[in-house]
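Structure first, commentary second.
Where a number appears in this text, it was derived from the coordinates with a stated rule and is not lab data. Quantities reported herein were computed from a predicted structural model and do not represent experimental measurements. Glycine gets a Cβ as well: all are built from the backbone with ideal geometry, and neighbour counts include every protein chain shown.
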Amino acid sequence: MLMHRFIRLLIIATGLLVFWQGIIWITHVPRFILPSPFDVYMVLTERYALIAEHTLTTAIEIILGLLLGSTAGFLSALLLQAVRAIRPWLMPVLVISQAIPVFALAPILMLWFGYGMVSKVIMASLIIFFPVTAACYDGLRQTPRTWLYLAQTMQASAWQQLRYIRLPASLPSLASGLRVAASIAPIGAIVGEWVGSSSGLGYLMLQANARMQVDVMFACLFVLAVMALLVYFSMDYILRKSIPWAGK
């Protein structure tokens, strides 16, 4: 199965590269507008050390943001399910938090937490937080009623029902939320780096844009795409192994 996925990705990547090169051959677009795949490859080989240094910064921001946002979302969902009294108060806050564009908060986060890694991690966490909360909370609410009736017949407490019935039943929904989180985590980190930073792929792209180095920008985009795929498929692999009953 893993080999089949790798072959499929290889075929897709090859097709995209051929399509990319075909556009250049047909339209004769200048290199400063659309560099060829070979130009991007040369940038990756010639500036490997520089790109790798900035890639490490962005990767750390993505991973920390994913961990922090997923943990906060999971705990919030548990709190909403366990303490009914706070639902009318907390749910409007969650909805309002999504009504405000997260990207609009980036400059404020820079002012509060500075231009270092902390503001980018918080930015990524905010983007991840709501999808994980919503997915896990829906899973907790959609527990089959017959299971809960059986637990009540056996005199299980509310905590025991949450721990042994609701939580395991919600894991497939939580897994879906985590997959979404893994796919959008890079967005928060990159947007945060665009607003203000001194390192990272977003910072490097801004510097390249100011110098009209389009090939460097495409090289950063390529590395970011590969990183996003690695994060997503790593998360998917962990979830498949940890929650086998969630299905394929």
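Quick one: count up the residues across segment 183-212 that are more than 13 Å from MET227 (Cα to Cα) and assigned to a helix (DSSP H, G or I).
Residues in segment 183-212 being more than 13 Å from MET227 (Cα to Cα) and assigned to a helix (DSSP H, G or I): 15 in total.
With the structure loaded, tell me whether THR143 is crowded, with 18+ Cβ neighbours inside 10 Å and touching a Lys or Arg at 6+ places or on another chain (Cβ under 6 Å) or whether it fails that test.
yes
So which residues in segment 132-158 are assigned to a helix (DSSP H, G or I), touching a residue at least 12 places away in the same chain (Cβ under 8 Å) and more than 18 Å from the chain's Cα centre (by Cα), if there are any at all?
Selection gives TYR137, ASP138, GLY139, LEU140, ARG141, TRP147, LEU148, ALA151, ALA158.
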